[in-house]
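Undergrad: Here it is: the structure, laid out below.
The values are calculated or read from the model by the stated rules, or taken from the named source; none is laboratory data. Source: prediction; values computed, not measured. All Cβ positions, glycine included, derive from the backbone under ideal geometry; neighbour counts span all protein chains shown. Side chains are part of the model used for accessible areas, which takes the heavy atoms of the whole protein and leaves out ligands, DNA and RNA. Shrake-Rupley method; radii C 1.70, N 1.55, O 1.52, S 1.80 Å.
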Amino acid sequence: MKEFICINCPMGCLLKVDDSDLNNIKVTGNTCKRGETYGINEILHPKRMVTSVVKIKNSDLILSVKTKEAIPKELIFKALEVLKNVTVNKPIYIGDVVVKNILNTGVDVVATKNIL
C-alpha cells in the first residue's frame with residue numbers, strides 16, 4: 001500500500017493505492033475519477049512537468065522554459081542536462097519551441113516569456 005497526495009486539482013486528496021497486484025491496482029481516498037487515474041499512473045508511469053531556464057545568445061538574460069506536457073519522471077535529470085546546453089537567439093515569444101521532442105518523448109520544451 002502506498003500513499004500519495006493527488007496533484008490534479010486543489011482538493012489534494014490523500015490517495016491510498018494498493019499495488020499488490022499490478023493488473024488490478026485499487027485506489028481509495030479520491031473524490032473524483034482523475035484521482036483514481038493519477039494514483040494508477042503514479043504507480044505504473046509517473047510523469048512530471050519540467051521547468052528550467054536556458055541561456056540567450058549575447059545577453060545576460062535567461063529564458064524560462066517548460067515542457068509542454070509531462071514527461072516520464074525518470075527522464076527529468078536527463079532533460080535538465082540537455083537544457084543546460086541550450087542557447088536561444090532573440091527575439092523569442094511565449095510558446096516558441098526551444099527544444100523539439102526532448103529525449104524522444106514526443107514532448108516539446110517551450111518558452112514561457114517573451115524576450116525581445
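Undergrad: 222 nm [θ] for the chain, helices only, -39500 (n - 2.57) per DSSP H run of 4+, per residue, to 500?
TA: Taking each H run of at least 4 residues, the total per residue is -5500 deg cm²/dmol.
Undergrad: How far is helix 33-44 tilted off the main Cα axis of the chain, in degrees rounded to 10, range 0 to 90?
TA: Here the helix axis deviates by roughly 80 degrees.
Undergrad: With a probe of 1.4 Å, find how much accessible area region 22-102 has per residue, and write the answer as a whole number in Å². Walk me through the numbers before you get to the answer.
TA: On the way: 5350 Å² over 81 residues.
Per-residue value: 66 Å².
Undergrad: So which trypsin sites (Lys or Arg not before Pro) in region 58-109 pass both tests, a DSSP loop state and at most 11 other Cβ atoms within 10 Å of the Cβ?
TA: On the way: sites: Lys66, Lys68, Lys73, Lys78, Lys84, Lys100; in loops: Lys68, Lys100.
Sparse-neighbourhood loop trypsin sites (Lys or Arg not before Pro): Lys100.
Undergrad: Could you work out how far the C-alpha centroid of region 15-36 sits from that of region 76-94, in angstrom?
TA: Their Cα centres are 36 Å away from one another.
Undergrad: Put a dot 7 Å past each Cα toward the Cβ at Asn114 and Glu74; how far apart are the dots in nm?
TA: The answer from the label model is 4.2 nm.
Undergrad: Let me ask something additional. Given the pairs Lys2/Lys55; Lys78/Lys113; Lys33/Lys55; Lys26/Lys78, which span a C-alpha to C-alpha distance of over 30 angstrom in this model?
TA: Table pairs above 30 Å Cα-Cα are Lys2/Lys55; Lys33/Lys55; Lys26/Lys78.
Undergrad: For the chain, what does the relative contact order come out to in percent, with C-alpha contacts under 8 Å and a separation of six or more?
TA: So the answer I get is 18 percent.
Undergrad: For Rg/Rh (Cα atoms, Kirkwood Rh), one of [x] 1.11; [y] 1.25; [z] 0.96 was computed from the structure I shared and the rest are decoys. Which label?
TA: The calculated read-out lines up with [x].
Undergrad: Report, to the nearest whole %, how much of the accessible area of the chain belongs to carbon and sulfur atoms, 1.4 Å probe, protein only.
TA: Within the chain, the accessible surface is 54 percent carbon and sulfur.
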